[in-house]
Each structure stands twice: as structure tokens, then as C-alpha cells.
Amino acid sequence: MREKALLFALLFAFFQGNRGMCQSVPGEFEEDVEAITEEAPPEIDPGDHIEEVPLDTLTADEARGLLKMREEEKLARDVYLKLHELWEIPIFRSIASSEERHMAAVKGLLDAYGLDDPVKSKAVGEFSDPEFTKLHDELIKRGKKSLLDALIVGATIEELDIRDLNELLLKTDKADISRVYENLRRGSINHLRSFVERIGEAGGEYRAQFLKEAELDSLLKAFSGRGKGR
């Protein structure tokens, strides 16, 4: 609970600090996300070959991690669907589709290990964990302010995903779980890069919130040879 309270505080402080540079972005940013990510490594189906790895008993940390990532990937998808509805630019629709595949990959692990799905048939914006509901609503509120704000929301979600996946990878020794998490992380880096490039095109700058600045710079440069914006 303390970690989630700190997350909300960080998000609030970050958006307050960026408020002055957030403004509407003209229509020239309406090309599809594939045009932005063509230099990045292709995204692998995150759930590839789950069935090829022998199953084992989950630790409590591994079980909690899978349940968390199922809802965190849903958070990303749901926010992007709403932001696409608000701003009607393809990047949100394209990445929402990718997050749907990420959700399915984690669902495959839940099924393989006999864990109940926290998402089940929940509607967009609904979560089993009320903290995800609060975070969803806060991110949508921020993303409504301007297109630049919405792009920053996207980068924020992807950086959060990378941070959480880094931590979860340290808490598992299961090959199947590690494989899915690594693929999810690769996809999140691609998505983060796309959002950061759009932020730079809009005249903004994205600053690290959950990772160290040096780690963020390293991830972005490794995939694109570019930094965090202008």
C-alpha cells in the first residue's frame, strides 16, 4: 500500500512539474506508430512457447507478480483505448492492441499455474485491485488536458511497466515466467521509445520517474540512438 501511495505522489508531482510545457499538438503527428518504431527490434509474441517449459510450484511472490502484471497490462490497454477515443491518433490504438497481446500472454501463465484471473470479464476501467482503478482514473484525467499530456501519460505507463518487470524478474527462477516477462519488457521499451519520440516532436521532454535517468537514457539510446526529447 505504501508503494502505491508513493506512486500516486510521484505521478502528481511529475505532471505538476510538466504542466507548463503541455499543450495541444498539431495534426502532423497523426502518422501510425509503426513509422516511429521501424528501427526497433520486432516485438515477439510475449506468450510464445509457454507450453514448452515444465511447470513447477509458484512462490507467493511469483503468484502475486503474475496477478499484478495481468492487471497492469490491462491498465495500459484501457488507458490507451480511452486516449485514442479522446485524441484519435493511431499510436494509442496500435499500442492498445499490443497491450491486448501482453494481457493474453500473462493470462496463459495464470491458466498454466491454475491461478484465478483478476480481470475475467471486467469492463474497460474496472479492476480487481482498487488501486489500479484509482491510477487508471488519474491517468485519464491527466491525459485529457492536452495531447502532449496524453503522450506523457503513455511514457509514464511504459516506464512503470519496465520498473515493475525488472523487479519481478529478480523474484522468479521459472523459465516460462522469465521468458514472458522479458518479452513484455522488450515491448514496453519499444512503446516507451515511441512515446518519447512523439513527446520530443511536440516540443516536450520526458524525464524519468521510476527508473534512474541514466537507465532511461541507456534504454532509449540502445533502441534508437536518441535521447528523451528536445
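Starting from the coordinates of the alpha-carbon atoms of segment 56-224, obtain the Kirkwood hydrodynamic radius over all distinct pairs and give the value in Å to one decimal. Please list the in-between numbers first.
Numbers: mean 1/r = 0.0615 Å⁻¹.
This gives a value of 16.3 Å.
Going from the fewest other Cβ atoms within 10 Å to the most, the residues S178, S94 appear in the order S178, S94.
Stretched out straight at 0.36 nm per residue, the stretch from N166 to V124 would grow longer than its current Cα-Cα span by 12.5 nm. Among the GluC sites (Glu not before Pro) within segment 114-178, those in coil by DSSP and having at most 15 neighbouring Cβ atoms inside 10 Å are E126.
By the beta-carbon count within 10 Å of each Cβ, the least crowded to most crowded order of I95, I140, I199, fewest first, is I140, I199, I95.
For segment 184-194, backbone phi angles converted through the Karplus equation (6.51, -1.76, 1.60; θ = phi - 60°) give residue-by-residue couplings of 4, 4, 4, x, 5, 5, 4, 5, 4, 4, 4 Hz, Gly and Pro being listed as x.
To make sure I understand, if each residue's beta carbon is the centre and we count other beta carbons within 10 Å, what order do Y113, Y80 fall in, fewest to most? Each step should come with its number before you reach the end.
Numbers: Y113 17, Y80 27.
Least crowded to most crowded, the residues run Y113, Y80.
Taken together, the values in this text are just the output of simple stated rules run on the coordinates, not laboratory data. All figures in this text were calculated on a predicted structure; none of them were measured in a lab. Cβ sites come from the backbone with ideal geometry, for glycine too, and all protein chains shown count toward neighbours.
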